[in-house]
1. In Å, the Kirkwood hydrodynamic radius of the stretch 224-319 over pairs of distinct alpha carbons?
2. Before rounding to the nearest 500, sum -39500 (n - 2.57) across all DSSP H runs of length at least 4 in the chain and divide by the residue total; then give [θ] at 222 nm in deg cm²/dmol.
3. Can you run phi through the Karplus equation (6.51, -1.76, 1.60; θ = phi - 60°) for the stretch 110-121 and list ³J(HN,Hα) in whole Hz, with x for Gly and Pro?
4. Between residue 86 and residue 317, what is the FRET efficiency for a Förster distance of 25 Å, r being their Cβ-Cβ separation, to the nearest 0.05?
5. Give me the number: length gained by fully extending residue 33 to residue 310, i.e. 0.36 nm times residue separation minus the C-alpha to C-alpha distance, one decimal in nm.
6. Is there a quick way to get the dipole size of the chain? I mean about its Cα centre, with the Cβ of Lys and Arg at +1 and of Asp and Glu at -1; what is the value in debye to the nearest 20?
7. Over what distance in Å are the Cα centres of the stretch 143-209 and the stretch 61-94 separated?
8. On full extension of the chain, what length is gained from residue 79 through residue 234, given 0.36 nm per residue of separation minus the C-alpha to C-alpha distance?
Amino acid sequence: MATAEMRYAAGVVRQHLLGRSGVSHIAEVPHGSLSVKGQARVAVLLNFDRASMIHRYVLHQVEALAAAGFAVIFVTNSRRITAENLALLAPHCHAVVRRRNRGYDFGAWRDAIMGLTDTGDMETLLLANDSVYGPFGPLDQVTARMDADQADFWALTDSWQRRFHLQSYFMLVHRRALQSDAWQRFWAEFRHSANKEFVVRRYEIGLTQVLLRGGLRARALYAYDRLAREVTAAAQRNPTFVDSLFLKRVSDAMAAGVPINVTHFLWDYMIRRHGFPFIKRDLLMYNNQSVPQVHTWREVVQEQFDYDVSMVDDHLKLGLRNRWR
């Protein structure tokens, strides 16, 4: 009988983790639990490192989220969590979760979302990842501007490339969206995929489109249309604003309605003009669009913020090849 009861209990746990949308790839929860009873603000932060390291800039993200009042669910797609890493994370995390690396960011967020229990007190869910360096300042000042009265789900930036969508590295979802049929259906119908292009098209772009069609309001704190108006107006008022071929190309593209990735092309403008709290990791590591003057990022950040840039330097020293930043 005991064996049968154990099999039944294991089956209940497995069925819960599977949810309605198939297999969960959660392997272990070595710290805390996925019960968020009594937690109004929950953040799911996704991490991945091939060497299973927890870098200082990532730990800073965890600490900043906790300081902003979030119960942090730290989800790693890395192969293991060492005792040393767990000791660093545990004081700042509601739970630490390790899962198999399936489905990219959205696969990890899906497994965490479907695994959460006792969510009745949850008013806000933040989905984030470690694809950005920062935050350069307190996050409570950022999330306080993401008002539920103005929009049901938010991101820092939006994009009009392909179709309109909120960029997924930092998305905040309020209760009205969390309880909507559109949100529930999106995750219930999710399928893990190893095809990154499919994940971007179906899930990163698709989430915004699904929620909009469900009657929910989407908004970006640093909205593309506002930035486009600012940049084109500045170019018209002051010719020295576009004193380089690069800036002329950017302003001309925005004026013509051609969408660009503002987190790359306007990274310094956003930090200097608007106090943008992050810089994209792939911009510093790869700079595939050949954005000029990226090597000045330290000076740009330190002009505006009291942020320890050595955390970023430490990570870049491990990852950069044939490039200096």
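1. Value: 14.3 Å, from the Cα pair sum.
2. Values: 16 runs with 137 residues, N = 325.
It lands at -11500 deg cm²/dmol.
3. Values per residue, Gly and Pro as x: 4, 4, 5, 4, 5, x, 5, 10, 6, 8, x, 8 Hz.
4. 0.55
5. Roughly 96.4 nm would be gained on extension.
6. 1060 debye
7. Result: 23 Å between the Cα centres.
8. Separation in residues times 0.36 nm, less the Cα-Cα distance, equals 51.0 nm.
Just so you know, all these numbers are worked out from the coordinates, no wet-lab data involved. Keep in mind that this is a model prediction, so the values were computed, not measured. Methodologically, a virtual Cβ is constructed for each residue, glycine included, from the backbone with ideal geometry; neighbour enumeration extends over all protein chains shown.
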